[in-house]
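Have a look at the structure below before the remarks.
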Amino acid sequence: MSEDLRDWLEKVQKIEEITTIEGADWEWEIGAITDVSGKRDIAPAIMFDKIKDYPPGFRVLSGSLLSPRRVALTLGLPTDQDTAGLVNSLREKLHQWETSLDKVPPRKVKTGAVTENIRTGKKINLFEFPVPKWHEKDGGRFIGTGHVVITRDPDTGAVNLGTYRVQAHDANTTGLHISHAKHGWMHINKYHERGQPAPVALSIGHHPLVLCVGSAAVPEGVDYSYLGAMMGKPFDIIEDDVTGLPIPADAEIVLTGWCPPDKTRTEGPFGEFTGYYASGAREDWIVEVEKVYFRNNPIILGAPPGRGHMEYSYYSALTASAMIHNELDKAGVVNVKGVWTHEIGGGLFIVVCIKQTYGGHAKEAGLYALQFTSKGNVIRRFVVVVDDDIDYTDLRDVVWAMCTRCDPETQIDLIRGGRSTPLDPRIRKPAASYVATRAIIDACKPWAWINEFPDAITVNPDTVKKVTTKWGAKLGL
Ligand SMILES: Cc1cc2nc3c(=O)[nH]c(=O)nc-3n(C[C@H](O)[C@H](O)[C@H](O)COP(=O)(O)O)c2cc1C
């Protein structure tokens, strides 16, 4: 049996990073509590139970990955590290996982926890589950936020897991909003080009690792092996008899059905990861659900986007930073000391820290970092390159470097016509093409006269230690 959400919950209970809220309303209250709690740097996971209109046990979990310790525990990293330490451990793990994929293909089983309850035909009712209406201006209830959409390439047979939002339209129909060119979009589009419905499975609750893999730019066709590599043993799957797709055997809830080529419904608006309702409401794909599997006392895994620091922005910042750093290494950019895609920018603000080694080094690092779409997120806005005396994970230090080392005339480059999406709030809709300008801000000391650059004020670390020992208590340090 694969490790599942219930195993994960036990571990999180042991480190006392979960709280239960009873009696919240699925309409706005679950979303509001998630938002208010998630604004803090470290917030507990929240299990919502006894939700208004629903029987006890039909639950929603949010904030699962909103603390460095829980992310570390989930990814199998040491739990006592700061953000920079976590990124570095993750970089090593990525290498290990990538090289062991062929050793841990998914394991096919006949039944699993998810087959405890099955609904077909008229018995299907998606609102049997406490699907939240997350934000007040959302156009409906969104069942898929911490979920994965499972699709197959009709030509190669490659299976993909991707997190693309899912609105519950009615008892047996969901929406599906996927940006063009993402793996799931390409798979479904291939069926539609042939005039055929595309098979789709939606896993709505599962171990948070499944969400990590679904929302990261993992190469096509290896998501289940990736999960196996991360868990250290093959991931259990069941072949769904409606679509033939492999579904997680120990998931909480799985919906399977078809995305027809000739039908759409109005989807959205939905509060998106940029903190806006930028893509509005449009006609979009649907999934006609033919089978629902769920465990006893099922749990919806929620990870709604929001404005600024939220669960999604935190854990995806970690994976994106590790991936971008590894890509810079692969590209041969030397002396990269760290990368952090600050949570506040939701992937639109990347800081690269280098030890300047030659003229043009900062520009090279900035250009490469800007072009990597490692997060699978095609909106990029700013890359700031800083020297290695700057704490690149601290926005105050980064802004100080920008204000004191960057000459806007010569150290800001604009890359026009970069790839973007309808989710970009800065693009006026409707647009003929979703492209936007990206900027590289070189906030490093000018290489040509780096040795003459004024000394920065510093306090000797030995003196800091001495005074802290002597007077720290008085200062509340
Ligand atoms: C909570 C959440 C919601 C997301 N919603 C969408 C979405 O609606 N559409 C989309 O294209 N990408 C969305 N993403 C980003 C994708 O999951 C991400 O780009 C991922 O890499 C896609 O998988 P793929 O690379 O296999 O296509 C979302 C991510 C998260 C965590």
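Each reported figure results from applying straightforward, stated rules to the coordinates on display, with no laboratory input. Nothing here was measured: the structure is a model prediction, and the numbers come from that model. Backbone-built Cβ (ideal geometry, glycine too); neighbour counts: all protein chains shown.
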Fraction of beta bridges assigned by DSSP in segment 311-452 that are antiparallel (%, nearest 5) = 50
ask   = Over segment 1-112, one equal point on each Cα, no solvent: what is log10 I(q)/I(0) by the Debye formula at q = 0.10, 0.14, 0.24 Å⁻¹?
value = -0.41, -0.74, -1.27
key: For segment 421-427, Karplus couplings with θ = phi - 60° (6.51, -1.76, 1.60), whole Hz, Gly/Pro x   = 9, x, 6, 6, x, 8, 9
query = Among Glu311, Glu239, which comes first, then next, by fewest other beta-carbon atoms within 10 Å?
reply = Glu239, Glu311
task = Could you give the size of the charge dipole of the chain about its Cα centre, using +1 on the Cβ of each K and R and -1 on the Cβ of each D and E, expressed in debye and rounded to the nearest 20?
result = 220
request  = At most 13 other Cβ atoms within 10 Å and a DSSP loop assignment: could you name the GluC sites (Glu not before Pro) in segment 1-75 that fit?
outcome  = Glu16
inquiry  = Based on the alpha carbons, how large is the Rg to Rh ratio for the chain when Rh follows Kirkwood?
reply    = 0.99
query = For segment 1-67, with only Lys/Arg (+1) and Asp/Glu (-1) charged at the beta-carbon, what is the dipole magnitude about the Cα centre, in debye rounded to 20?
reply = 100
request  = Could you give the spread of the C-alpha atoms of segment 87-207 along their three principal axes, from largest to smallest, in whole angstroms?
outcome  = 44, 37, 36
query = Where the Cα atoms of segment 252-387 are projected onto their three principal axes, how long is each span, largest first, in whole Å?
reply = 60, 34, 27
Highest-first arrangement of 164-171, 146-153, 133-140, where packing means the average Cβ count within 10 Å = 146-153, 164-171, 133-140
message = How compact is segment 311-452 by the rule of thumb for globular proteins, expressed as Cα Rg over 2.2 N^0.38 Å?
response = 1.02
task = Provide the percentage of antiparallel DSSP beta bridges, counting only those with both residues in the chain; round to the nearest 5.
result = 70
message = If you fit an axis through the alpha-carbon atoms of helix 395-405 and take the longest principal axis of the Cα set of the chain, what angle between them do you get, 0 to 90°, nearest 10?
response = 40
key: Dipole magnitude of segment 344-456, debye to nearest 20 (Cβ charges: Lys/Arg +1, Asp/Glu -1, about Cα centre)   = 940
inquiry  = Strictly over 19 Å apart at the Cα level, which of Lys103/Lys330; Lys133/Lys182; Lys122/Lys291; Lys11/Lys52 would you flag in this model?
reply    = Lys103/Lys330; Lys133/Lys182; Lys11/Lys52
task = Do me a favour and compute the ellipsoid semi-axes for segment 1-50 from its Cα gyration tensor, root of five times each eigenvalue, largest one first, whole Å.
result = 22, 14, 9
request  = Provide the convex hull volume over Cα atoms per residue for segment 151-243, in Å³.
outcome  = 116
query = Can you give the net charge of the other residues whose Cβ lies under 10 Å from the Cβ of Ile178, counting K and R as +1 and D and E as -1?
reply = +1
ask   = Can you tell which of Phe382, Ala216, Leu94 lies farthest toward the positive end of the dipole of the chain, using +1 and -1 charges on the Cβ of basic and acidic side chains (Lys, Arg; Asp, Glu)?
value = Phe382
ask   = Over all pairs of distinct alpha carbons, what does the Kirkwood formula give as the hydrodynamic radius of segment 23-89, in Å?
value = 13.3
message = As I understand it, the dipole of segment 284-412 uses +1 on the Cβ of Lys and Arg and -1 on the Cβ of Asp and Glu, about the Cα centre. Which of Cys403, Ser321, Pro304 lies farthest toward its positive end?
response = Pro304
